[in-house]
Amino acid sequence: GAVVSQHPSRVICKSGTSVKIECRSLDFQATTMFWYRQFPKKSLMLMATSNEGSKATYEQGVEKDKFLINHASLTLSTLTVTSAHPEDSSFYICSARGGGGKNTEAFFGQGTRLTVV
Amino acid sequence: QKEVEQNSGPLSVPEGAIASLNCTYSDRGSQSFFWYRQYSGKSPELIMSIYSNGDKEDGRFTAQLNKASQYVSLLIRDSQPSDSATYLCAAGMNSGYSTLTFGKGTMLLVSP
């Protein structure tokens, strides 16, 4: 399957600082990228959907000023957690989906485990 | 609201048996269906995609789709302890621009 690379895999930051997570589709052009968070033993929660060159669409209850998403190219999307607090500690996962035709499968990055201390 | 329903499990099967995982979806317009495997602490991994009614086989895995019943299933033959994971079912439009709706997942436990 296609490869989606997410970096970093783990990050520990101090409360009040910002953290940037990168998501790259390595061997296909991702029309759409999705950002999820997942708490232990819980299901995936979609945070936002982003298309290259346009503003992200956030799910209800997700603060767009706190979780900044940039999708500058067809292969790169970033999620910045601004002014992070301990309650933002979670597993963040990106997913990328191709533009159409046969390749409309969605592939996940490895995930980023964020711990805010 | 679009929903994908799965039994949370755990589904326990002995090694070598067939594991059967089921999923129903509410949006009759859904065109593409996926099964993902997620190990604890890891991100989901795509194992099967299916787009038309019937069966699709890939190794030990068979996905089955019945659009009339809005039902998707995954069969795992010769189950191995390494298959123990949470299996997520997802449904959506066959477009790279659209969001997939995920079920909450079924935990599968394969005992040696």
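Report, by residue number, each residue of region B:101-112 that is within 22 Å of B:Gly29 (Cβ to Cβ) and open to solvent by 10 Å² or more (accessible area, probe 1.4 Å). Spell out the reasoning first.
Here is the first cut: in region B:101-112, the ones within 22 Å of B:Gly29 (Cβ to Cβ) are B:101-104.
Correct list: B:Thr101, B:Phe102, B:Lys104.
Say we look at region B:41-63 and pick out the residues that are away from chain A (no Cβ under 11 Å) and without any contact (Cβ under 8 Å) to a residue 12 or more places away in the chain; which of these is nearest to B:Gln31 (Cα to Cα)?
Once the filter is applied, the top-ranked residue is B:Gly54.
Where in region B:16-88 are there strands (runs of 3 or more DSSP E), lying wholly inside it, with at least 2 residues that are open to solvent by 30 Å² or more (accessible area, probe 1.4 Å)?
Details: elements: B:19-25, B:32-38, B:45-50, B:54-58, B:61-66, B:71-76.
Result: B:19-25, B:45-50, B:54-58, B:61-66, B:71-76.
The values are calculated or read from the model by the stated rules, or taken from the named source; none is laboratory data. Being a predicted model, the structure only gives us computed values, none of them experimental. Cβ sites come from the backbone with ideal geometry, for glycine too, and all protein chains shown count toward neighbours. Heavy atoms of the whole protein, side chains included, go into the accessibility calculation; ligands, DNA and RNA do not. Shrake-Rupley method; radii C 1.70, N 1.55, O 1.52, S 1.80 Å.
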